[in-house]
Ligand SMILES: [Zn+2]
């Protein structure tokens, strides 16, 4: 990059602590502390000019381990001069430039010394990273990259560092009483994450790659026997391996089945009937009816209260022209009503539902009735303890949305970091707010 650098201010001797004139104002503008600023230059061409501020940590901030911040003996000059991208000033890109010497930490060995403006191993300032993470938690990845003038690969690195720092300073597993355990597939269903959410706060508190008893065992190891004994309720889907581990590690906790999983089973059974019917109509050559049915999926899947007038119309038409599919729809909705009722009323409704499903002459629902019968004690626990469904479902929906986002996450760890950022309460505030 051609350097047209002209000095805005005279370089001064940082060892004496005298920075450029107006140093205090510049420190405020760049939001850096414990530094002296010895000079500025503009670099680049007319297309993209960047401002480079030459900074030096003050004596008290120098010679500290980049990992733990412990004062350490100097080792060497490391890789020489380095740059950290800072927040733009107006439309101008800003970099901080400083030496990056190495120190010998008693615990961490030879490491690059810490700098007051950035996290260890980062090429961006803390403010830049916090802004990136805040945006990533709220908006599309492409918008973050465009606005911050960086790449998604860098943003995922930023998210990992922010989450690692924020989770190390707090105990996410403290005070857990009612938790939900869920498995989420990613990478086109070839890989899985096991996730644990806190029903009381709605937060994601733990996630790890894999879906087996060993993975879940790691969660209980981290939780410890004492805190596992404090758990009162554990909800999950129908995965037996989850139930087995929970019965071993937290035998006192009431094991519940997450209602949204049960309703999802019913939706799946209904969808199969819709597909069968559609195939049948096509084979018969009834094209008009087939294409009409194709457009009804949302009418059948949505909550009745969220239906548009058109969708209400399609439902009414299914009720008259397709009794089998409409029966499946009613069974699905009735199962939702069971969980909305809860308690004794919920149990009574469920008994009625089981009898209805068994007599429904819909193979998918006869099978579902058998599955529900098998899990009946767990579903009764859900109904009796009035476990809220909304938060675990919201987290589940959000995680599925993350796994589907177009830009993708290269590793399970990057996906977990993003999930902890958005659902784990680990998102930093915007700088200066
Ligand atoms: Zn250290």
Computed, not fitted: 222 nm per-residue ellipticity of the chain from DSSP H runs ≥ 4 (each -39500 (n - 2.57)), nearest 500, equal to -14500 deg cm²/dmol
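Neighbour counts of other C-beta atoms within 10 Å: give me 114, 142 arranged from fewest to most. Spell out each step's value before the answer.
Numbers: 114 23, 142 11.
The fewest-first ordering by Cβ neighbours comes to 142, 114.
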Residue separation between residue 212 and residue 24 times 0.36 nm, minus their alpha-carbon distance, gives in nm 62.1 nm
Along principal axes, largest first, the alpha-carbon spread of region 204-275 in whole Å comes out as 49, 25, 21
Evaluated at 20 °C and 1.002 mPa s, the Stokes-Einstein D of region 159-222 based on the Kirkwood radius over Cα pairs, in µm²/s, stands at 168
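Taking Cα atoms of the chain, Rg/Rh with Kirkwood Rh, to two decimals? Walk me through the intermediate numbers first.
Details: Rg = 28.9 Å, Rh = 25.9 Å.
Rg/Rh for the chain comes to 1.12.
For residue 58 and residue 394 in the same chain, what is the full-extension length gain: residue separation times 0.36 nm, less their Cα-Cα distance, in nm? Could you put the intermediate results ahead of the total?
Values: separation 336, 0.36 × 336 = 120.96 nm, distance 4.70 nm.
Stretched fully, the residue 58-residue 394 segment lengthens by 116.3 nm.
Would you mind giving the three semi-axes, in whole Å and largest first, of the ellipsoid equivalent to region 140-280 according to its Cα gyration tensor? Can you show the working numbers first?
On the way: eigenvalues 166, 155, 33 Å².
Equivalent ellipsoid semi-axes, largest first: 29, 28, 13 Å.
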Taking the alpha-carbon centre of each part, the distance from region 374-433 to region 61-138 in Å is 32
Rounded to the nearest 10 degrees, the helix 412-423 long axis (Cα) sits at an angle to the longest Cα principal axis of the chain of 80
For region 343-399, using Cα atoms only, the Rg and Dmax in Å read 13.4, 37
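Share of antiparallel DSSP beta bridges in the chain, in percent to the nearest 5? Intermediate results must be reported in sequence, preceding the final value.
On the way: 39 of 52 bridges.
If I count the DSSP bridges inside the chain, around 75 percent turn out antiparallel.
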Volume per residue (Å³) of the convex hull spanned by the alpha carbons of region 315-413 is 164
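Give me the tail of P(r) for region 244-369 as a percent: Cα-Cα pairs with distance above 24 Å. All intermediate terms of the calculation are to be shown ahead of the outcome.
Numbers: 2907 of 7875 pairs.
Distances greater than 24 Å cover 37 percent of the Cα pairs.
Let's test the formula: R0 of 45 Å, r as the Cβ-Cβ distance of residue 43 and residue 174. What FRET efficiency results, to the nearest 0.05? Intermediate values should be presented prior to the final figure.
Working: r = 48 Å, r/R0 = 1.07.
Here the calculated transfer efficiency is 0.40.
Based on the alpha-carbon gyration tensor of region 70-160 and its eigenvalue square roots a ≥ b ≥ c, which shape applies: rounded if a/c is under 1.5, prolate if not and a/b is larger than b/c, or oblate? All intermediate terms of the calculation are to be shown ahead of the outcome.
Numbers: a/c = 3.03, a/b = 1.98, b/c = 1.53.
In terms of gyration-tensor shape, prolate.
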To the nearest 10 degrees, the tilt of helix 343-358 (Cα long axis) against the first principal axis of the alpha carbons of the chain is 60
The simple spin-label model distance between residue 230 and residue 356, using points 7 Å out along Cα→Cβ, in nm, is 4.2
Bridge orientation stat for region 167-261 from DSSP, antiparallel percent rounded to 5, came to 65
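Rule-based calculations on the coordinates, nothing more; no lab input. Note that the structure is a prediction, hence the values are computed from the model and not measured. Please note: Cβ atoms are built from the backbone with ideal geometry, for glycine as well, and neighbour counts cover all protein chains shown.
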